[in-house]
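Notes follow the structure.
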Amino acid sequence: MFLLVTFTIVAVGLAAIGLYGVLAYTVAQRTREIGIRIALGASRATVARAVLSHGLVLAAVGAMAGLIAARWGTRLLGSMLYGVRQIDLVLFGVAGAVLLIVPAVACLVPMRRALSVDPLIAMKAD
């Protein structure tokens, strides 16, 4: 059980690092667009919401795919192993919450970077 928990923590950590990398790259690619939006009057909350929603949409799609695969896997294991329930709503709820909280935390650094974009420097870049 300790080994399973360790691998789970490592997998969630790798997923968070991967999502952070994707979002950091996306923010870096959209620096000019973010600068123009801020220059045209977009509030910092709007920019933060755009970056955060992009990350959470990616996380939600991944979480749904993972939960569907887990449901299928527990059905398969339930028919093979004794004592494995086919559905555990508490476990699925906790897993879904973790799969959405970890990416939200991983989105904070790219979101802060997007909020610190200076419009003048962003438009002069490239």
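Among (1) in contact (Cβ under 8 Å) with a residue 12 or more places away in the chain; (2) in a helix (DSSP H, G or I); (3) surrounded by fewer than 12 Cβ atoms within 10 Å (Cβ to Cβ), there is one condition ALA69 misses while meeting the rest; what is its number?
Only one criterion is unmet by ALA69, namely (1).
Going by the structure shown, is ALA42 small (Gly, Ala, Ser), touching a helix residue (DSSP H, G or I) at 6+ places or on another chain (Cβ under 9 Å) and outside any helix (DSSP H, G or I)?
Yes, satisfied.
Against the definition (modelled with pLDDT of 85 or more and in a helix (DSSP H, G or I)), how does VAL61 come out, yes or no?
yes
For region 106-116, does any single residue satisfy the condition of being of a type in the set (Ser, Thr, Tyr) and exposed (fewer than 11 other Cβ atoms within 10 Å of the Cβ)?
As a first pass, look at region 106-116 and keep what is of a type in the set (Ser, Thr, Tyr): 116.
When the remaining residues are screened for being exposed (fewer than 11 other Cβ atoms within 10 Å of the Cβ), the result is 116.
Yes, that holds for at least one residue.
What residue, of THR8, THR26, THR74, is polar (S, T, N, Q), in a helix (DSSP H, G or I) and farther than 30 Å from ASP88 by Cα? Don't jump to the end; show me each part of the working.
Working: THR8 fails: farther than 30 Å from ASP88 by Cα; THR74 fails: farther than 30 Å from ASP88 by Cα.
Just a single option satisfies the conditions, and that option is THR26.
The values are calculated or read from the model by the stated rules, or taken from the named source; none is laboratory data. Note that the coordinates shown come from a computational prediction; the quantities given were computed from them, not determined experimentally. Note that each Cβ is placed from the backbone with ideal geometry, even for glycine, and that neighbours are counted across all protein chains shown.
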